[in-house]
Each structure stands twice: as structure tokens, then as C-alpha cells.
1. Among 573, 583, 578, which is the only one that is touching a strand residue (DSSP E or B) at 6+ places or on another chain (Cβ under 7 Å), buried (at least 19 other Cβ atoms within 10 Å of the Cβ) and of a type outside the set (Ser, Thr, Tyr)?
2. Which pairs have Cβ atoms under 6 Å, sit 6 or more apart or on different chains, and link a residue in region 117-134 that is under 20 Å from residue 288 (Cβ atoms) to one that is among the polar types (S, T, N, Q) and buried (at least 18 other Cβ atoms within 10 Å of the Cβ)?
3. Could you name every one of the strands (runs of 3 or more DSSP E) located completely within region 79-195 that has at least 1 residues being crowded, with 22+ Cβ neighbours inside 10 Å and of a type in the set (Ser, Thr, Tyr)?
4. Within region 17-42, how many residues are open to solvent by 40 Å² or more (accessible area, probe 1.4 Å) and part of a strand (DSSP E or B)?
5. Got a sec? Which of 338, 342 is crowded, with 22+ Cβ neighbours inside 10 Å and not in a helix (DSSP H, G or I)?
6. How many of the residues making up region 432-474 are over 22 Å from residue 507 (Cα atoms), more than 22 Å from the chain's Cα centre (by Cα) and hydrophobic (A, V, I, L, M, F, W, C)?
7. Of the residues 315, 375, 368, 381, which is acidic (Asp, Glu) and without any contact (Cβ under 8 Å) to a residue 60 or more places away in the chain?
8. State whether the residues of region 611-620 include one that is among the aromatic types (Phe, Trp, Tyr) and more than 24 Å from the chain's Cα centre (by Cα).
Amino acid sequence: MTEKWMGKKTSNLRLWYNQPAKNWNEALPIGNGRLGAMIFGHTHGEKIQLNEDSVWYGGPIDRNNPDAFEHLTEIRRLIFAGEIKQAEELSLLTLSGTPESQRPYQTLGDLVLDFNTDEGEVEHYSRELDLQTGIIRVSFQIGSTIYKRECFSSAVDQAVVIRLTSNQPGKISARARLRRGRFFNRVMARDPSTLIMQGDCGGDGAVSFRMVLHPVAEGGTVRTLGEHLVIENADAVTLLLTADTTFRCHDPESISLNLVYKAALKSYNQLATDHIEDYQSLFNRVEIDLNTDERWGELDHLPTDQRLERVVRGEDDPGLVSLYFQFGRYLLICSSRPGSLPSNLQGIWNDHMNPPWDSKYTININTEMNYWHAETCNLSECHLPLFDLIERMRVSGRRTARVMYGCRGFVAHHNTDIWADTAPQDLYITASYWPMGAAWLCLHLWEHYQFSGDLNFLRKTYETMKEAAIFFLDFLVESPDGHLVTCPSVSPENTYVLPNGEQGRLCAGPSMDNQILNALFDQCMRASEILSCDDEFRHELEKVKKRLPQPRVGRYGQLQEWMEDYEEKAPGHRHISHLFALHPGNQISVRKTTELARAARQTLERRLQNGGGHTGWSRAWIINFWARLEDAEAAYENVMALLSKSTLPNLFDNHPPFQIDGNFGGTAGIAEMLLHSHLGEIHLLPALPQAWSTGSVKGLRARGGFEIDMCWNDGQLNKAKILSNLSGSCRIRTQWPIQVTLEGEEVHVNYQEDSISVFKVSKGKTYFVDRT
């Protein structure tokens, strides 16, 4: 798309501040998928908090409760008999993992820098994260000396790179040390200019780690003294930091040393150039401009925290929304790259040894939300680490299925960790015994295929999807009304109230389970047809699917969360699991299931009236719901609520505390407001709010192998460009008549009812769409 299509070029894609970070929630993140860091930007002494994605406490352990299967029948009997309290007491004893908890993610440690700067007042301070380059810059002046730093995490060189310069020679003097509280073995000098931290993560079978720091100085001297690296009177210094663990290799020290010495052979300019080229190959795929009015452009001159404060006061800032959207893409690039672990509850950024919720993978919404924008926002490669984890979960999940439930296939509950643990987590009845984790994750495999059309990928992953479905062919049981249902299960983290006032958590056939199974069985059947295999299995799924409970409308006009129309203990609960069929599923839509769409709307309104959306990720999910209901103003209202109520000064999402899922879900929601493709058609601008009445976007992806650019004025589509990566047909829904051209020639369009236009497409061709 040419520059004029995009309107005003977004030139201020940066988070910037006029003071150092006061705490971790104001520091700025960098990452290469595996190595992450938080930069505070202090002037006289800097602490750079570090992470390596495989630094987790403890090793693999079989936590499957050996008493589960023996008591499963009795637990089911109690649930169907309405003896919920007894079922829950027995489940705590016989279904809980042994031990109850999986492994926590840990900080790698800190790089502590003490600078010998000039004395005097600090002036002209600036700290910024440049999203266009993935580089953090810090600049300030003391007297006549201007000090500058640049920091990035290079995927090319697998190193954190920190550049220290000034405008005068010999002004860079510093002491550097590696710290991790008391949780390491030793720091030693490898040579006169290299420090190594050696340690392990604790617990049986724990991984060992190594962290290496090596400076490349221009002028001055470098030496090691004890645990310190001492730099004196240098003109400039490039600090290189690498790390690795025995999770990936037998000798992380040699690997880390080789990486740091190899990086040291490059000049800083080459390191930065290689990093920027790699980073921009992902980041530059998408551009967005919701800020075409010049009056909004003036806000670019305000520090990011001050812009956020304006939004808290109720003022609009479309440019900040654009920045937030791109920040969400930046965070995924930084925390999930091919070969890394998936982005966890905090991405890769965690400064604790025992973080909230262990900073692992919560798979009853949070991990899935981390990847909602991977395909739509043109970061498909960043989805791959999640698929790697799913494959490892098959192994442990088979054992969990067999030992706990006597079933074939594989299963996971509401959490997993670095070791792909699939046994129940915690003694938390509202979540622990939910058996749908693997099923939901496998829907991401189908999503990747839908966007890419990659048949080889589908062949490779079909058996994984099939194995997740097979578990439920064995696990489902007949309910008193003749349906096939999950039992025991829960509606994630919510509690119902029985007519006698008793509260319950365990249940049979909660709505979310049925909706996930509907989607899983559908994708397996469709994949079977595409691959021309497994006719008998497909027919079995068809029969079982017909016996799954369908969505039901309750007494308040809402979608029921459980098979019975129970009251909720917390009607404003953060989880809105029973709307899975609206998003990320597609079983409910405004045109095909009108009554259920009305019930979904009523469900959302009741949740919000009772205080729902009070966590960042919940608010992000609500944006996606409203976008699917094509309610532009409600979606926009919740975008602004996400920014004003659940966003930290560094734009991290606030649960509270920090969780990254809200960032990713918010970015996905903004994309969902601009483009739908979940119903077999491309719907341009389905939920465009008045506040974004003029704007443009480039590079969004749609299911069916399409890449979309478009611009709009006064709330109406102006032009669109559609790149087809597959051959077939393109179905477009718009509110306006369109004309389609290919290479200057008009393309025949078959106009159908309900604002649908259909035309044939060829692989690799670009089609131009104009409103007529």
C-alpha cells in the first residue's frame, strides 16, 4: 500500500518519559523471545532486571493423583445426585495434584551498574522505547556532558546489548556486577573482562543456568575485581549479556561464552543493524493510524504517562490507542519467537522468585488470550512456541488421561508449566478440576491453519487435535436428561448458588465445556475431510456432537453459564466463560443466531452492571465480545476503560498485578473492531466507532489466507487492498457497494443477499476494492 493510502505516516511510535522509572511497573521491556530485560533508566546507578525463559524452579515430576480413577465414579454420582459439597470434598482429596502445585517461573537476576558521572544537576532527561526499532534510549545532561544509553535484546545474536556513550571522550566509568539475591552459586571472572554467574533454580531436577557479561570498550580500561567488572575512562562501551540453561543444552556456560564472544566480534552499529532488520521483518508488517485529525497529533509531544493520565480523566486519545495496539504486537515479538518457550502469564518479564500465580501458563483463558492477535496481527511465527508446548503436553497429558480418568487421548487442566505438566493445579475447586485446557489450546492449531492454509501444518497437527478429541469420547458421560457431558468440571473460577442457598463449584456440562467441544469436534471433522482420512472417527464425532448440550437462555434473558439456570454468587465475575461461543468461538453471531446473540448482549450488560471487567484481561475479552456483536461504541468504551482503569504507566496490563494477557487481548480486540473473518467472510470495519471515523490500517490478516490494507473516511470505507495467498473465492461483507480490480481490470463480482460480495482470487495476486 502506498503512503497516500495510509494517510499521515505514524512517526511517533514510542513510549517516552521525562523521568527514570520509580518502580518495576514504570520500567520498559526488551526481549528476543528468550532473553528479556526491564530498563529503569536511572542516571547515576542503573539496575537492569533480567529474565531467561527457561529459568524455572524445580524439575519435571509426575503429579497425577493415583487415587483419582478409583473415586471418579463416586464423584460423578454425587454431582448428579446434587450432593455437591460431598463431591467437592472427595475431589479435593482424590483429584488434586500430588503435590498440589506446578513449577514457578523465576527471575534470572539483575545487572547492577554504578556510574561515575559528573557531579551536578541532571537536565534534559529522556527515556523512550522506540517501537519502530525495538530499542530503548536514555539520555540526560550533567553540566556540559551528555550521557546516552541504548538497550535492546537481539534475536540474531541472542544477547542483551547495552551501549554507553557520551559527547566527551573518557567520560564512561562504571562498575558492573551480576546479582540474584542469595539464589545463585557464584560469580567469577572468566578472563580479565568477562564475568560469569553460575547457579541452579532449586528443587529436585532443577535446571542449571549461566549468565555471562562481557564489555567491549572504546578507549579507557576494563578489568575484573572480585565480583565486579570495572570500566574506567572509556569513550564508549558496549555491554553484552548472554545466558542459557540446561533445559536446552548440556553446557550452558560454553554456549553463553560462545555467544558473547561471537557478538563481541561485531561493531555496535552492526549489532544494532542486524537487530533492527530482524525485528522490523515482523513489526513492520502492520501499520495502524487512528489519529488522522491533526489535533490528536499534538498529543505525541506529551510523555506517555501524561497521555495515560488524560485518558483516566475521560479524554480521548486515538493516537495512544494506536500506540497501545502496536505495543501489544511488540510484546509478542519480544516474548515468543521460534525456538523460545511460549509467552507466559507475564510474557518473559518477572522480577520475583515466587511470582503471582507462579507466572506460568494459565490455560483456562490467559495463555490462549496471549495468542489471539498472533494471526490477525501478522505475527504467525510468534504462534509457534505455543504449538511446541502443546506437543510436549501430549506426552504428559496421555498419562494424566490414563491414570486419573482411565481414558485414551490426552488431557490438561487449567495450568501447565515449563515441563508441560497436565495434572490439576492448586486446591482451588472453581478451577483445578476443569479438564478442558488441552482442548482449548488445540483450537489454536486449527486457527493457524485457517489463516495460513498450510496443508503440511494441518497434516502434522491433525493427530494432536484428534487425540484431544478422543479423550472426550471416553470421558463424556450421560446426564439424567440424556446429553453427553463433562463431569466433573467447573465453569472456570465461578460459583453458583442452589435454590436452597448452598454454593457449588463442581458441576456437569458447564456451557463453556460444551462450546469448546463443539469447536474441537468441528475442526477435527473438517480437518478429516480436508485430509481425506478417518471417516469412521469423523462419523463418531458427528454422533457425539449431536448429544452435546446447546446454549440455553436463562431467566434474565442471559446465556446460562451452567446446564441449570443457577444464580451466580458473583454476577460481576471476571470470567465470562459461557460466551466462549461468541469469542473466540463462532457458534454465536449476530446474523446466524440472533436470539443467542441477544442473550450474549444481555450477559455482557449484566456482568458490567455488576462490576465486571475489573481485571485487565477480562476487560480485554469484553472488547472482543462487543466487536463480535458489532457494537462499535460499546467496544470503544471498553478500549478506553482498559486504558484508564487497567493500564500501568509503562502500558503493561494490570490485573492487578501485571499480567500480559490484557495487553494481547486488547490488541486483538482493536483488530477485531476493524476486521472479522471468523464466519467464512471478510467483514470490513464491522465495529468502527465514531472516535476513529477516519483512519487506516495495513497488514491485518484474515482467515482464508488474505492480507488486508484499508483506509476509511467519515466512518465509511474508502479503499481496501486484498492480497490473496491462496487460490479460491473471496467473500466480502461491507455496508457499501464495491468495485474490485486486478491489475487495472475490473473483476466480476457476484453480489449476494445480506451485503455479501464474492469474487474469485488467485494465489499471490492483489485485489483493489473501492467503495462505489
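The values are calculated or read from the model by the stated rules, or taken from the named source; none is laboratory data. Just so it is clear, the model here is predicted, and its values are computed rather than measured. Methodologically, a virtual Cβ is constructed for each residue, glycine included, from the backbone with ideal geometry; neighbour enumeration extends over all protein chains shown. Just the protein is used for accessible areas: all its heavy atoms, side chains included, with ligands, DNA and RNA removed. Shrake-Rupley method; radii C 1.70, N 1.55, O 1.52, S 1.80 Å.
1. Numbers: 573 fails: touching a strand residue (DSSP E or B) at 6+ places or on another chain (Cβ under 7 Å); 583 fails: touching a strand residue (DSSP E or B) at 6+ places or on another chain (Cβ under 7 Å).
Matching residue, one of 573, 583, 578: 578.
2. The qualifying pairs are 131/326.
3. Working: elements: 109-115, 122-130, 135-142, 145-154, 159-166, 172-179, 186-191.
Because the criterion is at least 1 residues that are crowded, with 22+ Cβ neighbours inside 10 Å and of a type in the set (Ser, Thr, Tyr), the strands (runs of 3 or more DSSP E) in region 79-195 that meet it are 145-154.
4. Result for region 17-42: 0.
5. Numbers: 338 fails: crowded, with 22+ Cβ neighbours inside 10 Å.
Selected residue: 342, the only one of 338, 342 that is crowded, with 22+ Cβ neighbours inside 10 Å and not in a helix (DSSP H, G or I).
6. Number of matching residues: 2.
7. Details: 375 fails: without any contact (Cβ under 8 Å) to a residue 60 or more places away in the chain; 368 fails: without any contact (Cβ under 8 Å) to a residue 60 or more places away in the chain; 381 fails: without any contact (Cβ under 8 Å) to a residue 60 or more places away in the chain.
Result: 315 is the single residue among 315, 375, 368, 381 that is acidic (Asp, Glu) and without any contact (Cβ under 8 Å) to a residue 60 or more places away in the chain.
8. We begin by selecting, within region 611-620, every residue among the aromatic types (Phe, Trp, Tyr); these are 617.
With more than 24 Å from the chain's Cα centre (by Cα) added as a condition, the list becomes none.
No, that holds for no residue.
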